[in-house]
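Structure, as structure tokens:
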Amino acid sequence: MAGRQGKQTVRNMLWSMAVIVLVAGAMYVFIPHDDSKSPVRRVDYRVELLSARRAAAYPVAAPEGLAKAWKPTSVRFDGSKGDSWHLGFLDPSGEYVVLKQSTAKPVKFIEEATQRAVRTKTTEQIGGETWRRYEGQTYDALVREDKGATTVVAGTAPFGQLAEMAQALKTS
């Protein structure tokens, strides 16, 4: 008798699970959802930018004039770590582009900011400044050492998008 009750319990549990799966499937099919919208929220970085510009020992850069399709997603300034400035974006095609600046030792800072990308012999003139190209498995980057700080524009976006960000950078 005990064996029969055990089989019934397992069978009831399996039926219950089947009903739950069917209900969950029906809810997924019939409840509208839009997977095309990015779950990443746009951030307003103006206050952090003003604070960083007052506190940093170098001219802090931020883009001006980028199309609205460029979506700022992250911002932070850390005065205790080489006046480290970080401003992340999604470009119009959804690729990541980050602006990083710091007074930290350039070799170590560049390695971290570019996710260990390798320096190439290629340079680009952007906005009257010379930028060095770095290529990597995770990020490609444009790097400039100037005015007491190192500036890195890196990300998963192609070099054309990185150059567009570098071109838009202003320090005032």
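Has segment 146-157 got any residue that is of a type in the set (G, A, S), part of a helix (DSSP H, G or I) and open to solvent by less than 60 Å² (accessible area, probe 1.4 Å)? Give the steps one after another, and end with the answer.
First, pick out the residues of segment 146-157 that are of a type in the set (G, A, S): 148-149, 154-155, 157.
If we keep only those that are part of a helix (DSSP H, G or I) too, we end up with none.
Among the residues of segment 146-157, not one is of a type in the set (G, A, S), part of a helix (DSSP H, G or I) and open to solvent by less than 60 Å² (accessible area, probe 1.4 Å), which makes the answer no.
I need the full set of residues from segment 115-128 which are in contact with an Asp or Glu (Cβ under 8 Å, 6 or more places away or on another chain) and open to solvent by less than 60 Å² (accessible area, probe 1.4 Å), in order please. Reasoning before the result, please.
Here is the first cut: in segment 115-128, the residues in contact with an Asp or Glu (Cβ under 8 Å, 6 or more places away or on another chain) are 117-118, 120.
Of everything in segment 115-128, those that are in contact with an Asp or Glu (Cβ under 8 Å, 6 or more places away or on another chain) and open to solvent by less than 60 Å² (accessible area, probe 1.4 Å) turn out to be A117, T120.
Does R116 satisfy being without any contact (Cβ under 8 Å) to a residue 60 or more places away in the chain and touching a strand residue (DSSP E or B) at 6+ places or on another chain (Cβ under 7 Å)?
On the way: without any contact (Cβ under 8 Å) to a residue 60 or more places away in the chain: yes; touching a strand residue (DSSP E or B) at 6+ places or on another chain (Cβ under 7 Å): no.
So R116 does not fit the description; no.
With the requirement that a residue be open to solvent by 30 Å² or more (accessible area, probe 1.4 Å), within 22 Å of G127 (Cα to Cα) and not in a strand (DSSP E or B), what does segment 58-96 give you?
Matches in segment 58-96: P59, E64, G65, L66, A67, K68, A69, P92.
Before we move on, is L162 outside any helix (DSSP H, G or I) and either open to solvent by 70 Å² or more (accessible area, probe 1.4 Å) or aliphatic (A, V, I, L, M) (or both)?
It is false that L162 is outside any helix (DSSP H, G or I) and either open to solvent by 70 Å² or more (accessible area, probe 1.4 Å) or aliphatic (A, V, I, L, M) (or both).
So, T138, is that one over 19 Å from F77 (Cβ atoms) and surrounded by fewer than 16 Cβ atoms within 10 Å (Cβ to Cβ) or not?
Working: over 19 Å from F77 (Cβ atoms): yes; surrounded by fewer than 16 Cβ atoms within 10 Å (Cβ to Cβ): yes.
For T138, the condition - over 19 Å from F77 (Cβ atoms) and surrounded by fewer than 16 Cβ atoms within 10 Å (Cβ to Cβ) - is met.
Only one residue in R116, R42 is of a type in the set (K, R), in a loop (DSSP other than H, G, I, E, B) and touching a Pro at 6+ places or on another chain (Cβ under 9 Å), so which one is that? Before you say what the answer is, go through the steps one by one.
Values: R116 fails: touching a Pro at 6+ places or on another chain (Cβ under 9 Å).
When all the criteria are applied, what remains is R42.
For L99, work out the one condition from (1) without any contact (Cβ under 8 Å) to a residue 60 or more places away in the chain; (2) aliphatic (A, V, I, L, M); (3) under 12 Å from L162 (Cα atoms) it doesn't fulfil.
(1)
The values are calculated or read from the model by the stated rules, or taken from the named source; none is laboratory data. From a predicted model like this one, the values you see are computed outputs, not experimental measurements. Positions of Cβ are backbone-derived with ideal geometry, glycine not excepted, and every protein chain shown enters the neighbour counts. We work out accessible area using only protein heavy atoms, side chains counted, and drop any ligands, DNA or RNA first. Shrake-Rupley method; radii C 1.70, N 1.55, O 1.52, S 1.80 Å.
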